[in-house]
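Below: the structure, in structure tokens.
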Amino acid sequence: MLAASRVKTVVSNLFPAHWNRNTQYDLQYVKDFKPERDAVRQLRVLLYGPVGAGKSSFINSVSSVVRGKIVNTALASATNYEGASFTKKYETHKIRKESWNSYYPFVFNDIMGVEEGSGRGVRVEDIKLAMMGHVMENYTFNPVSSLSPSDSGYNAAPSLDDRVHVLVCVCSGNTADISDSVLQKMREIREAASDLGIPQLLIVTKLDEACPETERDLQNIYKSKFVKKKLTQLSCELGIPLNCILPVKNYSHETSQDADVDALILNALRLILDFGNDFIEKL
């Protein structure tokens, strides 16, 4: 079934039966969620990945599903001029509850995209600092120089809330092969997260754009040979196990919610929260 309470391989032969009922169950799980330890007020999720993969759109999609309406709180670009990252700052995105001044106890941090070559995109060292909680809110990333302790954007004494509790890589399923330069940077980020004990997941977006079968019916995402091949390829390239790779469709052009889109987003979100909570419990 779609519920992420137990890790499963994403290349199962059948789309889960009674998925609508499972979606409501997952949504209630998210609404009732709280971090495992009282010392952590909010579980922090850090998103990274190549330019244009859909990091900001994933944040908007999660917020849309949880709030029950299409929202656009994380600014996203429909185009990527010359392959440059649209996101420039380190920004924390909260999801508002029904009451005006109340938020869910999990947040997403969006960062500049990983770009090819040196002097472009987010620097690997800055992502490492972010994982340890040393990057302050609204810090503007500098592609040619990493954040240093002498900079005003450096948090010298990060709290448990400032630290990253789960690292999520976001890749597009509708692009050519990732360049060796970008792959190397992503592997370095993964190694740093592993050294810190931070759990990791991979979100694969835009598979519907690449696979006509999935575009015709999103429930085919678990049956498509193309999707299976793409997820297996990314698993081999990045070293992320298949049961930690989740296919989703972001809300992009839709003006109202779609049950199949919601099911995939909630499946990913539940697993993210579960992985993050396990890490918090060990802190």
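The values are calculated or read from the model by the stated rules, or taken from the named source; none is laboratory data. Just so it is clear, the structure is predicted and the values come from calculations on it, not from any experiment. Here the Cβ positions follow ideal geometry from the backbone for every residue, glycine too, while neighbour counts run over all protein chains shown. Please note that ligands, DNA and RNA were not included when accessible areas were found on the heavy atoms of the full protein model with its side chains. Shrake-Rupley method; radii C 1.70, N 1.55, O 1.52, S 1.80 Å.
Some observations on this one:
- Solvent-accessible surface of the chain, taken per residue with a 1.4 Å probe and all protein chains present: 46 Å².
- Of the peptides 29-35, 262-268, 224-230, the ranking by mean beta-carbon count within 10 Å, highest at the top, reads 262-268, 224-230, 29-35.
- Spatial separation of Cα centroids for region 97-116 and region 220-283, in angstrom: 18
- Net charge, residue 251 excluded, C-beta distance under 13 Å - Lys, Arg +1, Asp, Glu -1: -1
- Residue-count net charge about residue 138 - beta-carbon cut-off 11 Å; Lys, Arg +1, Asp, Glu -1: 0
- Here region 113-212 is treated with +1 on each Lys and Arg Cβ and -1 on each Asp and Glu Cβ, and its dipole about the Cα centre works out to around 80 debye.
- Listed values (i) 19.5; (ii) 19.0; (iii) 20.2, entry calculated as Kirkwood radius over Cα pairs in Å: (ii)
- Per DSSP, loop GluC sites (Glu not before Pro) in region 109-198 with at most 13 further Cβ within 10 Å: 137
- For the chain, a simple Cβ point-charge model (Lys and Arg +1, Asp and Glu -1, everything else neutral) yields a dipole of about 500 debye relative to the Cα centre.
- Inter-centroid distance (Cα atoms) of region 168-204 relative to region 127-145, Å: 17
- Summing Cβ point charges (Lys, Arg +1; Asp, Glu -1) relative to the Cα centre of region 200-279 gives a dipole of roughly 360 debye.
- Looking at the chain alone, DSSP beta bridges between its own residues are antiparallel in about 30 percent of cases.
- Value of relative contact order over the chain, rounded to a whole percent, pairs C-alpha under 8 Å and six or more apart: 26
- Summing +1 for each Lys or Arg and -1 for each Asp or Glu among the other residues whose beta-carbon sits under 13 angstrom from that of residue 66 gives +3.
- Rounded, prolate or oblate (a/c below 1.5 giving rounded, otherwise prolate when a/b exceeds b/c) for region 156-231 by Cα gyration tensor: prolate
- Ordering 203, 136, 273 by Cα displacement along the dipole of the chain toward the positive end leaves 273 in first place; charges were set at the Cβ atoms of Lys, Arg (+1) and Asp, Glu (-1).
- Among the listed pairs 228/282; 206/229; 88/185; 185/228; 69/249; 228/249, those beyond 22 Å (Cα-Cα): 228/282; 185/228
- Here the sum of -39500 (n - 2.57) over DSSP H runs of 4 or more residues, divided by the residues of the chain, equals -11000 deg cm²/dmol at 222 nm, to the nearest 500.
- In the chain, the portion of solvent-accessible area held by carbon and sulfur atoms comes to 48 percent [1.4 Å probe, whole percent, DNA, RNA and ligands not counted].
- Charge dipole (the chain, unit charges on Cβ, about Cα centre) - positive-most of 54, 193, 259: 259
- For peptides 57-64, 40-47, 101-108, sequence by mean Cβ density within 10 Å, most packed first: 57-64, 40-47, 101-108
- With contacts taken as Cα pairs under 8 Å at a separation of at least 6 residues, region 166-279 carries a relative contact order of 30 percent.
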